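These notes concern the structure reproduced below.
The values are calculated or read from the model by the stated rules, or taken from the named source; none is laboratory data. Since the structure is predicted, the reported quantities are computational estimates derived from the model, not experimental observations. For neighbour counting, all protein chains shown are included, and Cβ atoms are generated from backbone atoms with ideal geometry for every residue, glycine included.
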Amino acid sequence: MKNLTLAGLLAFAALPLFAQKSSAIPEFVFTENKHKTAGISSLRIVQIIDSAAIRMSPAQTVAELLENTAGVDIRSRGPFGTQADVQIRGGSFEQTLILLNGVRMTDPQTGHHLLNLPVSTFDIERIEILKGAAARVYGMNAYAGVINIITRKPVGKNLSFQVAGGQYGFRQLLGSSDFKLGKTQHRFSIQNLSSDGYRSNTDFDNSQLLYQNELQVLQGSMETMAGLQAKKTGSNGYYTDRFPKQYEETKLGFASLNYQHKNGKLKSKLLFRAHGDEFLLKRDTPSFSRNTHTSQTLNFDISYGSENKLGHWNTGLEFRQELLTSNSLGNRSRSITGFFADQHIQLGEKFKVIPGICLNNYSDFGLSSYPSLDLGYTGEALSMSAQVSRGFRVPSFTELYYSDAGKTSIGNPDLQAEQAWNYELNLFYRKNWLVLQAGVFLRDGMKQIDWIRDSATAISWVARNQSELKTSGYEWNLAIKPSFFREETKIQNIQLAYCRVDLNQTNPSGISRYVYDYLQNQFTATVQVKMNKSLDAFVRARNESRVGYAQYWLCDLKVQYQRNRFSLFAEASNLFDASYREVGNVIMPGRWVRTGLSYRFDYK
């Protein structure tokens, strides 16, 4: 551990020895209004992973892009997002909402499938991360946070490809194209990621494609998006230590239609999403235990915003239908209708107040309301905001109805919805060489859902509503522009971040499976270096201290040579070969080295 820490510090200390002008550091955005920004709304600080960081990152999947964000916990059971859960500020994997271009990608079966997305790093323009509740606008799943993945718009005529290979039989084939047909602009991308596995039964094969087009119609723009994904994963001990030869296949298909009027006031979104999951407890004996699930979701929402004497107002309606066919959960369905409204009140030039409310009616749980109040001050260099809001989450179909053959996990059809009051205070400072964001938060949860075992000798984990659970903590994010002090420096930017989370449960009963299995301390650091006109390096490191697990350091490195439209790169994850676990007893990969090249061709 000491050697690793020292090596990391020496690496960072050596970076200023290079020489090249640095660039700006647009790392955080203080956003205000859903109808004036492309992504997440209200007087909140949204952390941005921008296109420059994505291009330089030693990451091949959305899960890997997110894992170096303090406050965001990516719990992986394998490499490259083969199976990964996303948790924010001590919340569970069921309490985060994933959006794709603002479209809700909820899976009613289980939150384990939220990161099954047919999106490559070539497709992503940026990722917007809101840590904290956002139920007023997005409803029940925005319980602990929201992640909005914004894809690149189709522009012009071009063809790009990337090929890569590495240890453990790693292979990547990736291609994309932007093209025009008449007056319409289109984009198509396809990717395959595969590996023979870093240990027994950890092989994977992930194929996906994504299509987008944009059409000017009805005094506005219509965007169509459709995607397919198929994943095959050897799952060595993923869900139980007793059966190391587990195996899983998932399939995803979706299509969405987004319309926005040219004045930006009217927006509507329509989504159909289907997801299939087949899980084998014994890969070589499918008949021993085979679970199959198919979920279908239809979602439609429409929103409108306009100016008034107080500032501006927004309102919207949503309808969602969720269906499930499963041999272990049964055939299930439920529907959700929702309404939201808020008023942005401008008090002078620097102060703003936003009261708002969201109402959702669930076919199984009745009517629920999520009121909220945001207060904000926006100055030239310093901005501050405070928020109080109510959150709500209905159980997934797995939590309600799951039962395996050995009765080791049993759902509970009598579960009630989770509820929480959320309190948050943020500070945002930006001037010259420094960008600083700091905040404190408290989530006062009631009827929290967990899987409980009555004693150490009990066979079954049973889904139950637990007593009051308080989640509190603080975080800070710091971005530095070195060229302010030394114009000729190779360092493009330095970013440091830390998040601390503490949980306190009132009158806990039994043995908890998930509540106390959380990331308590997380420190991250990234440095981007311009070695010369064509050569760049990107280093990222993180230290994670998870309750019940050994603390560990991880360091990733990418070096890239860029000349015109041609790029050659080498990257290594877990550079110092640390031994660590993120979920259960699943041993994560050691050092993994890969190399590749990419090329972009523009044509008329």
**OP:** For region 161-205, name all the residues that are assigned to a loop (DSSP other than H, G, I, E, B) and closer than 22 Å to Asn236 by Cβ.
**Re:** Asp196, Gly197, Tyr198, Arg199, Ser200, Asn201, Thr202, Asp203
Original post:
For region 24-87, which fully contained strands (runs of 3 or more DSSP E) count at least 2 residues that are touching a Gly at 6+ places or on another chain (Cβ under 8 Å), modelled with pLDDT of 75 or more and of a type in the set (A, V, I, L, M)?
Top reply: 44-49
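Does Asp517 qualify as being in a loop (DSSP other than H, G, I, E, B), closer than 23 Å to Pro79 by Cα and of a type in the set (D, E, K, R)? Show your work before the answer.
Values: in a loop (DSSP other than H, G, I, E, B): yes; closer than 23 Å to Pro79 by Cα: yes; of a type in the set (D, E, K, R): yes.
Yes, satisfied.
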Original post:
Identify, please: which residue in region 106-154 is among the hydrophobic types (A, V, I, L, M, F, W, C) and assigned to a helix (DSSP H, G or I) and is, among those, surrounded by the most Cβ atoms within 10 Å (Cβ to Cβ)?
Top reply: Ala135
Original post:
Is it true that some residue in region 487-506 is surrounded by 17 or more Cβ atoms within 10 Å (Cβ to Cβ), free of Cβ contacts under 8 Å to residues at least 60 places away in the same chain and closer than 23 Å to Tyr423 by Cα?
Top reply: yes
Original post:
Do we have Val547 as more than 22 Å from Ile491 (Cβ to Cβ) and either touching a Gly at 6+ places or on another chain (Cβ under 9 Å) or touching a residue at least 60 places away in the same chain (Cβ under 8 Å) (or both) here?
Top reply: no
**OP:** State the number of residues belonging to region 532-561 that are surrounded by 16 or more Cβ atoms within 10 Å (Cβ to Cβ) and over 26 Å from the mean Cα position of the chain (by Cα).
**Re:** 2
Subject >> Pick from region 342-379, criterion free of Cβ contacts under 8 Å to residues at least 12 places away in the same chain and touching a strand residue (DSSP E or B) at 6+ places or on another chain (Cβ under 8 Å), ranking: farthest from Leu415 (Cα to Cα) >> reply: Leu347
Subject >> Flag if Asn532 is more than 30 Å from Ile459 (Cα to Cα) and without any contact (Cβ under 8 Å) to a residue 24 or more places away in the chain >> reply: no
**OP:** Tell me which residues, restricted to region 292-316, are under 14 Å from Arg104 (Cα atoms) and among the aliphatic types (A, V, I, L, M).
**Re:** Leu298, Ile302
**OP:** Working carefully through the options Thr408, Thr471, find the one that is in contact (Cβ under 8 Å) with a residue 40 or more places away in the chain and crowded, with 16+ Cβ neighbours inside 10 Å.
**Re:** Thr471
Original post:
Taking strands (runs of 3 or more DSSP E) that fall entirely within region 220-298, which contain at least 3 residues that are more than 30 Å from Asn308 (Cα to Cα) and β-branched (Val, Ile, Thr)?
Top reply: none
Subject >> Number of positions in region 226-258 that are of a type in the set (Ser, Thr, Tyr), more than 16 Å from Gln296 (Cα to Cα) and either crowded, with 17+ Cβ neighbours inside 10 Å or at pLDDT 95 or above (or both) >> reply: 5
Original post:
Got at least one residue in region 373-390 being assigned to a strand (DSSP E or B) and within 26 Å of Arg453 (Cα to Cα)?
Top reply: no
Original post:
Restricting the search to region 469-508, which residues are part of a strand (DSSP E or B) and among the small types (Gly, Ala, Ser)?
Top reply: Ser472, Gly473, Ala479, Ala497
